[in-house]
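Note sheet for the following structure.
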Amino acid sequence: MDKPSGSSAAFDSADNGASFRSSSSSEAERLAYAGVVSPTHAWALFQAGAAVLVDVRTKEELHFVGRVTGSIHVAWATGTAMNRNPRFVKELEAKFNKQQTLLFLCRSGKRSAEAAAAATKAGFTQAYNIAQGFEGDLNEQQQRGTLGGWRHANLPWQQD
């Protein structure tokens, strides 16, 4: 799976996320990683074996909120205090090669964006953020799960 060298990319919705399209130059300048994919496109790539889904949430989140079966866990932060995992890049390097397409997932898309940026800075060339994360954005009642995200898209997941 290739994308234009040296540019940011997003998945092309015309083919169900199976290929890349170049992003605008303003998007490429704004992102510190390869691009952003929707949860639906991430699932299509993951199912096709074209990408690895890396869940960067805490162990507690995986256990109590749910997880995507087959995803690989590499915590961006740990515990309820959300202390930054100082071994994050080393754990990525131990599990993946730097040319693999990695799709990063967190609760809302914020930590996964930071994780994708850190991976890119460490030399991973295909680091993507999954938009809106596992639970999506906050609604008017300050609750997640109704405005976007993996679960709202009715994509497969399980809970312990």
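The values are calculated or read from the model by the stated rules, or taken from the named source; none is laboratory data. Predicted model only: the values in this text are computed from it and were never measured. Virtual Cβ from ideal backbone geometry, glycine too; neighbours counted across all protein chains shown.
Numbers for the structure displayed
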read-out	value
Pair list, Cβ < 6 Å and 6+ apart or interchain, from the stretch 103-124 residues that are in a helix (DSSP H, G or I) to residues that are among the polar types (S, T, N, Q)	SER112/ASN129; ALA113/ASN129; ALA116/ASN129
Residues being touching a Ser or Thr at 6+ places or on another chain (Cβ under 6 Å) and within 16 Å of PHE46 (Cβ to Cβ) - total across the stretch 131-160	4
Pairs where the first residue, in the stretch 70-95, is assigned to a strand (DSSP E or B) and the second is β-branched (Val, Ile, Thr), C-beta under 9 Å, 6+ apart	ILE72/VAL52; ILE72/VAL54; HIS73/VAL54; HIS73/VAL56; ALA77/VAL56; ALA77/THR58; THR78/THR58; ARG84/THR78
Qualifying position, being closer than 13 Å to ASP55 by Cβ and either at pLDDT 95 or above or buried (at least 20 other Cβ atoms within 10 Å of the Cβ) (or both), among ARG111, ARG87	ARG111
Pick from the stretch 64-84, criterion modelled with pLDDT under 85 and not hydroxyl-bearing (Ser, Thr, Tyr), ranking: surrounded by the fewest Cβ atoms within 10 Å (Cβ to Cβ)	ALA81
Count of the stretch 125-160 residues which are among the small types (Gly, Ala, Ser) and assigned to a strand (DSSP E or B)	1
